[in-house]
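Asker: My questions will all concern the structure given below.
Just so it is clear, none of the values below were taken in a lab; they were calculated from the coordinates. Remember, it's a predicted structure, so these values are computed and weren't measured experimentally. Cβ placement follows ideal geometry from the backbone for every residue including glycine, while neighbour counts extend to all protein chains displayed.
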């Protein structure tokens, strides 16, 4: 197990231990807090009953005659009180009245009349004028039968002549404690699980960069000599690879679905043309000239689909790359000369001149084949939009640590509505000479090549008319 994983597991264990301790403290504190709340209510009830009993004191003697019918009626009452998740249906409070010596004069349950309560802490303290409370088991050895009692003194002419002891079974509010304990456990467990899941997700996002840094450190140690530009490019490559992985994970099916939907839309038009031409060819008596025309349409549209599929496969292969597989120092001047020579033949068919004005010598680190393909795509695009007799100019210049290649045509330029769309897949403008559109993948292909070489591509309208494509690539270290 790696150090990263051990640290991650240790952090999770510390969190789990902290959460367990917090839950334990909260759960252990629930019962005392509920008991304190119940005791506060019993204090007020005992004072109320004591005030009631004091109304029936005659010459220092307590008269409890009216208490019995009062509590009989109280215990016989029918009601249903919905208190959150608990339903209460009967009165459980109990009352005992003693004289000044602690002898029970009245017990609401009828169990302890005549008993000596002077030994009970709450009664003994109340008879001395102090606050008294106790908790006693109804059934010895059974904690579930515990009853809380609070006593209050009964006074006559500033003299204590007895005490009132008010009790309430712990079980009556214990169900609230159990409900609160259950909910607290649920919330704690669910929170712990949620945090663990979040920690795992965050580890994928956070631990991954540390792994990349460790890989980069190993790479630096393995180098026989240190080259700061090379280290910088390597670091950018590592970060770029991580970004590509993140993009693929986030895009997922939506990325593929968008590809399929767009490709289907673009293929629909040539397929319709092929189908229409094929249906017309089935008609009898068609002149040979018309037949050749429709056959040519079929071949042209089939070729368009084939070109679209080929370009799409190349573009997809580029987009799935994390970095260039074969990196070497690539002189740009010879590549531009080859691309201009090849484009000159294509331009001659429409009387378009392609001219190279490479003023500076420049080299980049990358894949010579892909760089040549980028130049060819830019030149083909410029020739397509050039008028008959026009000129395409190619320039190469150095700007700081970058090589800048510009391809300019003298065509109609880019319409304002298309400026932000020219690099979108399958987006294409009609060629001025043929009014036909291309596959719309050429500029996307160039953009991917530029990205793999840590450069960029821009297309804008040029001063004086036409459009200018600017390919910027970082220079190779001297």
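Asker: For 427, 24, what's the fewest-to-most ordering of other Cβ within 10 Å of each Cβ? Can you show the working numbers first?
Answerer: Working: 427 18, 24 11.
The order, fewest Cβ neighbours first, is 24, 427.
Asker: What are the equivalent ellipsoid semi-axes of segment 3-179, built from the alpha-carbon gyration tensor (square roots of five times its eigenvalues), in whole angstrom, biggest first? Walk me through the numbers on the way to the answer.
Answerer: Numbers: eigenvalues 376, 70, 35 Å².
Rounded to whole Å, the semi-axes are 43, 19, 13.
Asker: So how do 286, 148 line up by other beta-carbon neighbours within 10 Å, fewest first? Each step should come with its number before you reach the end.
Answerer: Numbers: 286 14, 148 21.
Neighbour counts put them in this order, fewest first: 286, 148.
Asker: Using only Cα positions of segment 325-474, each an equal point scatterer, no hydration layer, compute I(q)/I(0) via Debye at q = 0.15 Å⁻¹ and quote the log10 values to two decimals.
Answerer: -0.73
Asker: Order by neighbour count: 33, 447, 372, fewest other Cβ atoms within 10 Å first, most last.
Answerer: Ordered from fewest to most neighbouring Cβ atoms within 10 Å, 33, 447, 372 come out as 33, 372, 447.
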